[in-house]
1. Could you check the range A:66-117 and list, in sequence order, the residues that are among the hydroxyl-bearing types (Ser, Thr, Tyr) and either surrounded by 14 or more Cβ atoms within 10 Å (Cβ to Cβ) or under 18 Å from the mean Cα position of the chain (by Cα) (or both)?
2. Just wondering, is there one or more residues in the range B:203-211 that are crowded, with 23+ Cβ neighbours inside 10 Å, in contact (Cβ under 8 Å) with a residue 40 or more places away in the chain and in a loop (DSSP other than H, G, I, E, B)?
3. Somewhere in the range B:1-10, is a residue within 14 Å of chain A (Cβ to nearest Cβ), polar (S, T, N, Q) and either over 23 Å from residue A:37 (Cβ atoms) or in contact with a strand residue (DSSP E or B) (Cβ under 7 Å, 6 or more places away or on another chain) (or both)?
4. Say we look at the range A:132-175 and pick out the residues that are more than 8 Å from chain B (Cβ to nearest Cβ), crowded, with 21+ Cβ neighbours inside 10 Å and over 17 Å from the mean Cα position of the chain (by Cα); which of these is farthest from residue A:28 (Cα to Cα)?
5. Please go through the range B:60-89 and give me each residue that is more than 19 Å from residue B:168 (Cα to Cα), more than 11 Å from chain A (Cβ to nearest Cβ) and either without any contact (Cβ under 8 Å) to a residue 24 or more places away in the chain or part of a loop (DSSP other than H, G, I, E, B) (or both), ordered by number.
6. Identify the single condition in (1) crowded, with 19+ Cβ neighbours inside 10 Å; (2) more than 7 Å from chain A (Cβ to nearest Cβ); (3) closer than 26 Å to residue B:28 by Cα that residue B:92 does not satisfy, given that it satisfies every other one.
7. On the basis of being crowded, with 19+ Cβ neighbours inside 10 Å, more than 14 Å from chain B (Cβ to nearest Cβ) and assigned to a helix (DSSP H, G or I), does residue A:224 make the cut?
8. For the range B:135-148: of the residues being crowded, with 18+ Cβ neighbours inside 10 Å and within 14 Å of chain A (Cβ to nearest Cβ), which is nearest to residue B:91 (Cα to Cα)?
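The values are calculated or read from the model by the stated rules, or taken from the named source; none is laboratory data. Please read these numbers as outputs of a predicted model, since none were measured by experiment. When we count neighbours, we look across all protein chains shown, and the Cβ atoms used for this are built from the backbone with ideal geometry, even at glycine.
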Amino acid sequence: MEFFSALADHAFLQYALVGGLLASIGCGVIGSYVVVKRIGFLAGGISHSVLGGMGIAFFFGLSPLGGALVAAIASALLIGWVRLTWREQEDTLIGTLWAVGMAIGILFIAKTPGYSVNLLSYLFGNILMINPDAIWMMVGMDLVILLTVLFCYQQFLAVSFDEEFARLRGVPVTFFYLLLLCMVAVTVVLLIQVVGLILVIALLTLPAAIASHYVHSMGKMMLLATLLGMTFTLVGLALSYGPDLPAGATIILVAGVTYIFSLFATTLQKRKVMRRQLQQAMK
Amino acid sequence: MSSVVSVNDVTFSYSGPKVLDRVSLEIQEREFLGLVGPNAGGKSTLLKMMLGLLKPLAGEVRVLGRRPEQSCRQVGYVPQYPLFNREFPISVEQTVLMGRLGTAGLFGGYSGRDRAIARQAMIETETHELAGRQLCTLSGGQLQRVLMARALACEPQILMLDEPTANIDMRVETEIFDLLKKLNSRMTIIVVSHDVGFISGYVGRVACLNQTLVCHPTAAIDGDTIRGLYEADVKMVEHHHH
C-alpha cells in the first residue's frame, strides 16, 4: 500500500506513527480506569478545559503543550475537588468548567498578536506535526503513567471498585482519586497531539470499552486496550494518507465503527447463549 | 465484659427532619445485636455513624474506646447496596484481598500473609471454590458471601452487616445467619435488618430503631413491642412473626 512505501521515505510519517503508538499506551492503561470507574464525563471536562491553558501559554509565547499539561493537571484537581465536595451539582459544575476552560482558551488565542494559530490543530490534533521533541515528551509521559500505575495498582483498583470500603480500610481515597485524575490529565495531553482535545475522549474510552467486551481483568483490559489503540492509530493513519484525510478524525472513525460492531456482536452472542440456556432449561 | 460500641445521645438529620433523635446504645463484647426498625427508621444511618462514615449532629459515638474513624480498621463492614459496578472486571479473590488494604504500606501490593488470610476468609464463607470467578458471574447469595469474606479478611473485632440477606432466598438467608452465629464466638456482630421475626432466632438482643431507640432481649419481643415500633405496619410484621 501507498502508505507503507511512503512510511519508509518520510520521517514525518515515522514520527506520526511512533507518536500514535506511544499515545496508545497511555490511552489503554488509563482509559481502562476511565471506563470501569465510569468517569468519561470527568475526563471530557478535563480534556476540553485544557484549551484554556494552551491559549494562555500561546498568548505569553510559552510552549502550548507545557501549558496544556499545567492546565490539564489544574483542571483534574479542580474537577476532582468538585466531585468530592459538591456531589449534587457535580454535572453542572463540570459542564461549567468544560465550557469556561474552552472560552478562556479562545479569548487568549484571539488576542494573541501576530500570526493567528491554527485553532483546528489544537481542537482536532495534527499527528503529522509530531516532531522528535514531542516524541521524547510522550515517552516521558508514558513512563510517568506506567510507573504510577505499577506502584499504585492495588490502590487504584480499590478506589475504582469501592471508594467507601477503601476509605474504611484507611486508604487515603481522596489522594489516590486525585492522583488517578492527574494521570487522566497526563493521558489527555499525550493524546492531544494525535487526535486533538475534542476527540481525546473517544480514544480514551473506546479501546478500553471494546476490550471490556472480551476480557475480564484489569491487567488484560489494559493490555488489549493498548493493542487496540495502536491498531486504530495505524489503520487510521494509513487510511487517511492516500486521500489526504485528517488523520485524527480518521482514527476516531475507525475506533468508533469497531466499537459499534463489537457491541452488536457481543450483544447478539449473549442473547444466543441465553436463548440456548433457556431452551435447555425447557427440555 | 466491656462495651465495644457506645452511642451516647446521638442526633442526626440529612438536611431535613431528624433521622435519629437522642439515641443511646451500649454494645458489649461478643454480643450479637440485631438493629431493626421500619424503612427510613435510621438503622443504616446509625451503622454508618459507628463506621465513621457519617458524623452525628449532636452526641458522641465511640468504638473500641476511640473515635469511629480511628477504629474503623478493626471493623469489618458488609454494605447493603454495594456501591460498585457489578460489571467491574475483578475476580472474587481480588475482591476479598481488598479486606487486606491498609495493613501494609501506602503503596504496593499484597504479601503472602495477606493472601493466606484472604484464603482463610474464603474457606470460612465457602467461597474458596469461586476464587477465580469474575464478580459479574455470581448469584446474589454468592456475592453476599464474597462481601462477607472481604469483611472477614480485615480480621475484624466487630462485624457490621447492613441487611445482609435483603435480596436472597430464605435457604441462603438461614445459611448466612448460621455462619454469623458461628463467627459470633470470636467477634461482636451487629446486623441491620427489617425482618424482626427472622433474626430473633439468632441474635441475643434486638435494638428497635424508629428515630428513637428501644432495646429488648430477644425473648421479650411480642406483638405489642412490634406494634409500637411499626405502628401502621402491624399486620405485615405479625405475619412475619408467626
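1. Result: A:75, A:96, A:112.
2. There is at least one residue in the range B:203-211 that is crowded, with 23+ Cβ neighbours inside 10 Å, in contact (Cβ under 8 Å) with a residue 40 or more places away in the chain and in a loop (DSSP other than H, G, I, E, B).
3. No: zero hits.
4. Applying the filter and picking the extreme gives A:159.
5. The answer is B:64, B:65, B:66, B:67.
6. (3)
7. no
8. B:135
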